[in-house]
Amino acid sequence: MKRLLPLSLILGLALSSSCNQTETVNANAAHDASEKTEQMSAATELSDMSLYQLESEWETEQGQTIALADLQGKVQLVAMMYTNCTYTCPRIVADLKRIEEGIEKYKNDVGIVLVTMDPANDTPEKLKAFAQENKLDENRWKLLTSNDDNIQELAVLLNMKYKKSLNGDIAHSNIISVLNAQGEIIYQQEGLGKDPDETVKSIEAQLQNM
């Protein structure tokens with residue numbers, strides 16, 4: 001896998017007694033809250049390589065608005081597709097399901113994200129219908145849409161290339177990316193119908209280090 005440039009560089013190139021007791025309780029609560037905030041800040045500190053540095057907003061198939069940073073804390077499998085695709089995208093979903101089978105014992109520690117390349121047509125409602133038709137586990141799979149600029153920005157960072165034709169078809173590369181809990185790309189599976197063993201191993205290795 002090619003070495004990734006820092007996120008900022010890639011984007012630059014593309015794109016009384018009782019009173020006293022109350023005061024003591026309040027002081028202790030403030031101290032505890034401060035410590036908790038510091039701990040959370042340390043836990044969520046992201047590197048320049050993290051996709052979760054992006055400040056764009058996304059909408060899920062459930063109609064929820066999220067940031068990519070909301071995905072942190074789990075290993076994530078990320079791929080791009082569009083629901084009207086009749087050949088390559090179903091195969092991408094099939095490849096993701098094969099990987100999913102290989103990591104079944106880690107089902108609570110791994111998420112799977114599908115990002116549409118066709119936001120004009122792939123509304124949250126359509127993405128939800130797609131998830132239901134393909135029997136995607138809503139506890140593990142998340143389908144995202146946003147505006148064209150945000151999607152193109154993410155595609156660049158995932159090394160995904162796509163181009164829309166006049167008839168509505170989209171020619172695109174086929175890449176499944178593995179992100180660690182901090183949103184850094186640790187492995188990419190390119191092509192269709194690949195043996196998922198190496199991808200599964202990369203996920204297992206990451207989980208063992210968490």
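The values are calculated or read from the model by the stated rules, or taken from the named source; none is laboratory data. Just so it is clear, the structure is predicted and the values come from calculations on it, not from any experiment. Ideal geometry is used to build each Cβ from the backbone, glycine not excepted, and the neighbour counts take in all protein chains shown. SASA here: full protein model, heavy atoms, side chains in, ligands and nucleic acids out. Shrake-Rupley method; radii C 1.70, N 1.55, O 1.52, S 1.80 Å.
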For this session: Name every residue in region 153-210 that is of a type in the set (Ser, Thr, Tyr) and farther than 20 Å from Glu101 by Cβ, in order of residue number.
Result: Tyr162, Ser165, Ser173
Seminar exercise, completed: In region 141-151, anything of a type outside the set (Val, Ile, Thr) and buried (at least 16 other Cβ atoms within 10 Å of the Cβ) is listed as Trp141, Lys142, Leu143, Leu144, Ser146, Asn150
Problem set entry | Wholly enclosed strands (runs of 3 or more DSSP E) of region 130-177 bearing at least 3 residues at pLDDT 95 or above and under 18 Å from the mean Cα position of the chain (by Cα) | 141-145
For this session: Mind listing just one residue for me: the one in region 49-103 that is in a loop (DSSP other than H, G, I, E, B) and of a type in the set (Asp, Glu) and, of those, most open to solvent (accessible area, probe 1.4 Å)?
Result: Glu55
Exercise. Within region 180-210, can you find the residues that are more than 18 Å from Met160 (Cα to Cα) and outside any loop (DSSP other than H, G, I, E, B)?
Worked result: Asp197, Glu198, Val200, Lys201, Ser202, Ile203, Glu204, Ala205, Gln206, Leu207, Gln208
Problem set entry | Some residue of region 106-117 being out of contact with any Gly (no Cβ under 6 Å at 6 or more places or on another chain), open to solvent by 20 Å² or more (accessible area, probe 1.4 Å), among the basic types (Lys, Arg) and assigned to a helix (DSSP H, G or I) | no
Exercise. Which pairs do you get when a residue that is surrounded by 12 or more Cβ atoms within 10 Å (Cβ to Cβ), found in region 187-210, comes within reach of a residue that is among the small types (Gly, Ala, Ser), reach meaning Cβ atoms under 6 angstrom, with the pair 6+ apart or on two chains?
Worked result: Tyr187/Ser202; Gln188/Ser177; Pro196/Gly102; Val200/Gly102
